[in-house]
Amino acid sequence: MQNLGALTVQRSKKRERGLTKNGKNGGEFMRRVIVESPYAGNLLQRWLNLRYARTTLHDSLRRGEEPFASHLLSTQPGVLRDGITNERDLGIRAGFVWGELADCVAVYMDRGVSSGMQKGIDAATRASRPVEYRWLTGKSLQFLGGGGA
């Protein structure tokens with residue numbers, strides 16, 4: 001059992017090994033992955049960043065992973081506003097709570113590393129969680145930081 005503030009999480013032995021059962025795929029197990037990709041920017045940049053973030057989720061799912069991108073969830077209309085500092089910080093902190101349950105952090109690099117992404121990388125490194133740097137445009141997957149690949 002792990003206490004994350006108001007959230008208490010009990011993990012099964014399979015969860016402790018960093019795997020979750022995906023019954024739909026014949027009982028295969030999947031890694032939980034926090035996806036880091038840029039969000040902020042002007043209207044055009046944000047639109048491109050959202051398109052890119054959706055593509056990163058697709059890439060992660062095709063790798064047999066369970067991706068989570070808090071910046072796609074918390075910035076939907078009526079949830080949190082990224083342009084308001086305290087709301088942005090609240091969304092980032094909420095993402096860190098989910099990050100405690102993740103097996104690794106996948107940092108998608110094609111559009112650069114934003115300050116919010118860097119906060120996620122730093123949090124994963126402090127927690128000895130593996131950080132994987134990925135590109136969708138042909139560069140190979142690189143493993144850095146955390147508890148190894």
Original post:
Hey, any hits in region 63-73 for a residue that's out of contact with any strand residue (DSSP E or B) (no Cβ under 6 Å at 6 or more places or on another chain), farther than 24 Å from Val97 by Cβ and not in a loop (DSSP other than H, G, I, E, B)?
Top reply: no
**OP:** Report the residue count in region 1-56 for those that are modelled with pLDDT of 55 or more, within 19 Å of Gly91 (Cα to Cα) and aliphatic (A, V, I, L, M).
**Re:** 6
Original post:
Considering only region 29-49, how many residues are polar (S, T, N, Q), in contact (Cβ under 8 Å) with a residue 60 or more places away in the chain and either out of contact with any Gly (no Cβ under 8 Å at 6 or more places or on another chain) or in a strand (DSSP E or B) (or both)?
Top reply: 1
Subject >> All positions within region 84-119 that are farther than 12 Å from Tyr133 by Cβ and hydrophobic (A, V, I, L, M, F, W, C) >> reply: Ile84, Leu90, Ile92, Ala94, Phe96, Val97, Trp98, Leu101, Ala102
**OP:** Could you tell me whether any residue of region 83-105 is under 17 Å from Asn49 (Cβ atoms) and at pLDDT 95 or above?
**Re:** no
**OP:** Would you point out which residue out of Gly78, Gly83, Gly112 is part of a loop (DSSP other than H, G, I, E, B) and under 11 Å from Glu36 (Cα atoms)?
**Re:** Gly112
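The values are calculated or read from the model by the stated rules, or taken from the named source; none is laboratory data. Everything quoted here is computed from the prediction, not taken from an experiment. Neighbour counts run over all protein chains shown; Cβ positions are idealised from the backbone, glycine included.
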